[in-house]
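The values are calculated or read from the model by the stated rules, or taken from the named source; none is laboratory data. Since we're looking at a predicted model, the values are computed, not measured. Because the Cβ atoms are built from the backbone with ideal geometry, glycine has one as well, and the counts that use them run over all protein chains shown.
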Amino acid sequence: QLSLFRFTVKRPFSTSHSSVDSKEIKKFQLLAHKWWDEEGEYAALHSMNDIRVPFIRDTLLSMSSNYNLGNPLSGIKILDVGCGGGLLSEPLGRLGASVTGIDPVEDNIRTADQHKSFDPVLAKRIQYKSSSLEEIVEESMETFDVIVASEVVEHVADLEMFIKCCSQVLKPEGSLFITTINKTQLSYVLGIVVAEKIMGIVPEGTHEWEKFVPPEELERLLESNGFSVKTVSGMLYNPLSGSWSWAESTSLNYAVHAVKSGAQAQSHATDTQQHSATAGTAG
Amino acid sequence: RSAASAPPLYDVVVSGGGMVGSAMAAVLGHDIHFHDKKIALLEAGPRKEYDHMPDSYSNRVSSISPGSATLLSSCGAWDHVCSLRLKPFRRMQVWDACSEAMIVFEKDDLDDMGYIVENDVIMSALTKQLDAVADRVEVFYRSKAVGYTWPLPSHSCDISPWVQVELADGRSLQTKLLIGADGHNSMVRKEAEIKNIEHQYDQSAVVATLHLSEATDNNVAWQRFLPTGPIALLPLSDTASSLVWSTSHDHASELVAMDEESFVDSINSAFWSNINHSDFIDTAGAMFRSAISLLRPSGTAVRQLPPSVAKVDPESRAMFPLGMGHATEYVQHRLALIGDAAHRVHPLAGQGVNLGFGDVACLAHHLSAAAFNGSDLGSLKHLLKFETERQRHNVSLIAATDVLKRLYSTTLAPLVLLRTWGLQATNALPPVKVRI
């Protein structure tokens, strides 16, 4: 079946010898004000919340003893890497988490700050900072309970360094959530050729297929850098309905949940539990 | 930012504190995913104290379906209703004044078909449940909204993204989602410029509280279609029933003005008289009935006789005009309409408030899921799901009610025959009856 590609926003990073690619920054400055138009360029990212938020929420709920359904993520400190305009930070904040959102593009941070400012609850729970991941490592060692890197790693120049930095700022046994795109013939045809060149779902030049990351490679890098991969699940975008769903195949988009090993470096049995949304509205 | 001087911000504001609006606020207030949310309910009237139910029945009653009872249960209100007063009924008998055709609704299991409850009882129960969640739901009495300012859908720059609500006393509120439950003349709907398809029927409904000639089980709801409109008797207790008589404006005025004895006579005559029968129709009807009984021996039910009325409660007679209405849209960005603000029907089907409670259940379900997903409550995404579900359900019922109303407003033989056979056929066919 034709599983079509979903629009992803590239997060251009600032100029440094880090995991960032500078020439993409300019592209995204133009689109900085479009983040919050639910029907606009970022529509697919908005609708991705329907599966990625329940994924994060339910995984964390199942791991914690605090089962407070009114405020499921309260007390949890989350780092949203490559937060863009704050599309994922805000729902996580509404669910009770304390969120730090970082993004190298200043205009994105400005947009994100402005959008949250009208809601006093969010304004308090979310802090945004224009920065790359490397730049905050020193001051944030083992600070966060959770890191989310959604639609980021496919833009990163040095993936292993990125993962190492994640490990440094994450508390032991903290969770890392990643969503990204696989590097397959299918993702080239659908993700680049169809989505960018033919249908124009994604602005041309947004992605470089070379940077897409196969799940096997991501798993390998995670496991060899102190993480234990718990879940890998395929994701599918339906452009007709504009909605996302979980899928068997990871050949296009996929999500990963990994846990940083505890201080005693215990090994957890890797179980591939199929994710199931409890109250999801994904349709 | 002007956060300090800005009007207070609520997650949800419900405009209209009638049965449907109050139920909406109460259900959200009791929803676990709304535990840390702020809800406001705006009611133009004063707070009514329902501590003591008067001995006499109120003349405004509703027929509550089992589904509505479930909704009221979910926020703890149904228990209060049961402890106050209500009348379950097991059976509905509906028949035509122009023929012998009749349809009986009955549930095969021993469950109740529905409940006749005074509106004041429902309001009392809901008010109690609102008090129980006062930390989450703020009720503003004597607070009429006089203006609404809508945000631009794609918010940008320094303009507030929330709905602004201006109250008559000069205060303002902001909200992420405004729910319009302000009745068929909804100001919310008008200010949102949502087109409303509406039609005034040339009928008014006369209501009254009646006392029966003799005590009976009184667990049947009766409705007879007269050419001027349907007359219904809804059980309140073993000795009392509520009247809802839809008829022409002139006739309604006469009924309300006439002396009590004449009024009672009119009611009994309406239920018992065969003056509208014609031999032709009676014969045709009888033939059809024999045909059915050959094919389906159990298909024609035994006709029970309605109770006869002895007295009317003084002061209990009232009338109000009838109409139908349907909003072309139920939702917009940060806005949802429920209850009569979205749709208005003729009372002949006894559905009015049940449709509203159905809206509440559906919207609460979607808002609860949205809250658990951390979504912006005013987002069209889940509001559209509510609209689609409810329009699909409501439109066919409203249209059918309208058609029935028109079909039964005539004595023309062909149409009478049509509805006679239709009614008899429907009575004989279990699948159709179940669906109704």
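See the values below:
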read-out: Some residue of segment B:343-365 being free of Cβ contacts under 8 Å to residues at least 60 places away in the same chain and within 14 Å of another protein chain (Cβ to nearest Cβ); value: yes
read-out: Sole exception among (1) touching a Pro at 6+ places or on another chain (Cβ under 8 Å); (2) farther than 17 Å from A:Ile76 by Cβ for A:Glu142, by number; value: (2)
read-out: Residues located in segment A:168-183, provided they are of a type in the set (S, T, N, Q) and within 16 Å of A:Thr100 (Cα to Cα); value: A:Gln168, A:Ser175
read-out: Segment B:13-60, subset assigned to a strand (DSSP E or B) and away from every other protein chain (no Cβ under 14 Å), residue farthest from B:Ser379 (Cα to Cα); value: B:Leu42
read-out: Within segment B:241-267, tally of residues that are over 25 Å from the mean Cα position of the chain (by Cα), free of Cβ contacts under 8 Å to residues at least 24 places away in the same chain and surrounded by 14 or more Cβ atoms within 10 Å (Cβ to Cβ); value: 3
read-out: Test: B:Leu384 is farther than 16 Å from B:Val12 by Cα and either in contact with a Gly (Cβ under 9 Å, 6 or more places away or on another chain) or more than 10 Å from chain A (Cβ to nearest Cβ) (or both); value: yes
read-out: Failed condition for B:Gly378, given (1) in contact with a strand residue (DSSP E or B) (Cβ under 6 Å, 6 or more places away or on another chain); (2) more than 19 Å from B:Ile39 (Cα to Cα); value: (2)
read-out: Selection from segment A:38-62 of residues that are at the interface with chain B (Cβ under 8 Å from one of its Cβ atoms), touching a residue at least 24 places away in the same chain (Cβ under 8 Å) and either outside any helix (DSSP H, G or I) or among the basic types (Lys, Arg) (or both); value: A:Arg57
read-out: Selection count where residues are out of contact with any strand residue (DSSP E or B) (no Cβ under 7 Å at 6 or more places or on another chain) and over 14 Å from B:Leu305 (Cβ atoms), scope segment B:196-230; value: 3
read-out: Flag if B:Leu383 is touching a Lys or Arg at 6+ places or on another chain (Cβ under 9 Å), in a helix (DSSP H, G or I) and crowded, with 19+ Cβ neighbours inside 10 Å; value: yes
read-out: Subset of segment A:63-84 that is in contact with a helix residue (DSSP H, G or I) (Cβ under 7 Å, 6 or more places away or on another chain) and away from chain B (no Cβ under 14 Å) - its residue that is farthest from A:Glu142 (Cα to Cα); value: A:Gly84
read-out: Filtered residues of segment B:219-238 (kept if surrounded by fewer than 17 Cβ atoms within 10 Å (Cβ to Cβ) and either of a type in the set (Gly, Ala, Ser) or in contact with a Ser or Thr (Cβ under 9 Å, 6 or more places away or on another chain) (or both)); value: B:Pro227, B:Ser237, B:Asp238
read-out: Hey, B:Thr283 among the β-branched types (Val, Ile, Thr) and loosely packed, with under 15 Cβ neighbours inside 10 Å or not; value: yes
read-out: Residue within segment A:203-213 that is at pLDDT 90 or above and more than 28 Å from A:Gly40 (Cβ to Cβ) present; value: no
read-out: Which numbered condition B:Gln203 misses (of (1) surrounded by fewer than 22 Cβ atoms within 10 Å (Cβ to Cβ); (2) closer than 30 Å to B:Ser273 by Cα; (3) not charged (D, E, K, R)); value: (1)
read-out: Scope segment A:156-182; condition of a type in the set (A, V, I, L, M) and assigned to a helix (DSSP H, G or I); matching residues; value: A:Leu159, A:Met161, A:Ile163, A:Val169
read-out: Test: residue in segment B:341-349 that is in a loop (DSSP other than H, G, I, E, B) and within 30 Å of A:Trp36 (Cα to Cα); value: yes
read-out: Residue tally, condition assigned to a helix (DSSP H, G or I), within 14 Å of chain B (Cβ to nearest Cβ) and touching a strand residue (DSSP E or B) at 6+ places or on another chain (Cβ under 8 Å), over segment A:111-154; value: 5
read-out: Residue count, segment B:206-218 (criterion: surrounded by fewer than 20 Cβ atoms within 10 Å (Cβ to Cβ) and not β-branched (Val, Ile, Thr)); value: 5
